[in-house]
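The values are calculated or read from the model by the stated rules, or taken from the named source; none is laboratory data. What you see is a predicted model, and the numbers here were worked out from it, not measured in a lab. Methodologically, a virtual Cβ is constructed for each residue, glycine included, from the backbone with ideal geometry; neighbour enumeration extends over all protein chains shown.
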């Protein structure tokens, strides 16, 4: 078996289909997930994923080891940094704040880059 001897089998996802696919992924041996989650505010989340009634924000308790990657952006979610830290208290997950890549199609978008203070 090719998976024999591997300690961690992980996937990185935006989570759009995670709720539907998670049982099959776990059965296949998945034991860690990295999720791109840039906001905990449902309306902002729907804006990012362009879908309504998305269950990702309520499905964390059924997941395996989970790491959340959050891009902090000026004017969008910089006010949520402490909320993300608080979010990790009761869940088996780590949150990692990652840098914004200021590129939108053909153009750089430096105006939403949050500078280190």
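Here are the numbers for this structure:
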{"item": "Count of the range 1-32 residues which are assigned to a helix (DSSP H, G or I) and under 13 Å from the mean Cα position of the chain (by Cα)", "result": "1"}
{"item": "Test: residue 35 is at pLDDT below 85, outside any loop (DSSP other than H, G, I, E, B), touching a strand residue (DSSP E or B) at 6+ places or on another chain (Cβ under 8 Å) and within 16 Å of residue 69 (Cβ to Cβ)", "result": "yes"}
{"item": "Scan of the range 69-87 for residues that are surrounded by 14 or more Cβ atoms within 10 Å (Cβ to Cβ) and assigned to a loop (DSSP other than H, G, I, E, B), ordered by number", "result": "72, 76, 77"}
{"item": "Of the criteria (1) surrounded by 16 or more Cβ atoms within 10 Å (Cβ to Cβ); (2) modelled with pLDDT of 80 or more; (3) not in a strand (DSSP E or B), which one residue 47 fails", "result": "(1)"}
